[in-house]
1. Tally time: how many residues in the stretch 132-147 are in contact with a helix residue (DSSP H, G or I) (Cβ under 8 Å, 6 or more places away or on another chain) and loosely packed, with under 14 Cβ neighbours inside 10 Å?
2. Take the conditions of a type outside the set (Ser, Thr, Tyr) and out of contact with any Asp or Glu (no Cβ under 7 Å at 6 or more places or on another chain) and apply them to Leu199. Does it pass?
3. Which of the residues spanning the stretch 120-154 are touching a residue at least 40 places away in the same chain (Cβ under 8 Å) and assigned to a helix (DSSP H, G or I)?
4. Which residues, taken from the stretch 35-55, are more than 15 Å from the chain's Cα centre (by Cα) and either surrounded by 13 or more Cβ atoms within 10 Å (Cβ to Cβ) or in a loop (DSSP other than H, G, I, E, B) (or both)?
5. Would the stretch 65-78 turn up any residue that is hydroxyl-bearing (Ser, Thr, Tyr), surrounded by 17 or more Cβ atoms within 10 Å (Cβ to Cβ), assigned by TED's automatic domain parsing to the domain that holds Leu143 and under 12 Å from the mean Cα position of the chain (by Cα)?
6. Residue by residue through the stretch 93-115, note down the ones that are more than 21 Å from Thr200 (Cβ to Cβ), modelled with pLDDT of 95 or more and not hydrophobic (A, V, I, L, M, F, W, C).
7. Could you give every pair whose Cβ atoms fall below 6 Å, whose first residue belongs to the stretch 164-184 and is free of Cβ contacts under 8 Å to residues at least 60 places away in the same chain, and whose second residue is of a type in the set (Val, Ile, Thr) and in a helix (DSSP H, G or I), counting only separations of at least 6 or pairs across chains?
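The values are calculated or read from the model by the stated rules, or taken from the named source; none is laboratory data. All figures in this text were calculated on a predicted structure; none of them were measured in a lab. Don't worry about glycine lacking a Cβ; one is built from the backbone with ideal geometry, like all the others, and counts go over all protein chains shown.
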Amino acid sequence: MEPQLLHRVEDSVATVTVHHPAKRNAMTAAMWRALPELLDALAADPGVRALVLTGEGATFCAGADISTLRESAEEAQQLAVRAEEALAAFPKPTLAAVRGHCVGGGVQLAAACDLRFAGRSALFGVTPAKLGVVYAASATRRLVALTGPSTAKYLLFSGELIDASRALRTGLVDEVLPEDELDERVSRFTRVLASRSLLTQAAAKEFADGRRDRDAHWAAQARGSGDTAEGVAAFLERREPRFGWTAATPG
């Protein structure tokens, strides 16, 4: 099978898999280009309420497949940044499920997700200092926001790998699990996400990511959505809520 991004939708959760096992799921130029378009399609699908990004087999993503990046270093980085920004802007909750190596562009993708769950074998590294590449400003800011300046500098200055336990302590990942429990935990948690109010999630995502100018927009969305009334009714009736808001809901 050619290197590609595979995807499926099940129980309202889209799973995007980086598939290039011959090179530890390194991202080719074509894969970097394909990701924003794929994300746009999944964002527009009302049947998708959360997204998981993972790698084929025992590796998440070993970064960029340098052999396919015929562009200049600057152009190659622009491809990665466009993909990263498209993932960060995805309007529904996103979760990176990480096994094995998550290096370079792999960290760039994982950090652009809202949450990161990792297996105990996971290893993380940000390696531009090994190549003499200036790491993108957007990716650097995102890394600093997750780990703080000191850990971000450690990773960027050295290019050294850190294990999952250190990634958890520094905030790079949110949960670390035994390898044989990772898939089930991700599945259970994303089903929870898919059952919650997408209105709440979309607004919280914007606010948490620093967007401060849309309070009036989200207040109008809440008034017109019916989600609040449904949530209160479900609580009082001791049943699961049936939230109906999508980005296309008038408000």
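1. Residues flagged as in contact with a helix residue (DSSP H, G or I) (Cβ under 8 Å, 6 or more places away or on another chain) and loosely packed, with under 14 Cβ neighbours inside 10 Å within the stretch 132-147 amount to 1.
2. No; evaluated as a whole, the condition is false for this residue.
3. Ser138, Ala139, Arg142
4. Asp45, Pro46, Gly47
5. no
6. Arg99, Gly100, His101, Gly106, Gln108
7. Listed pairs, sorted by first residue: Thr170/Thr147; Thr170/Thr151; Gly171/Thr147.
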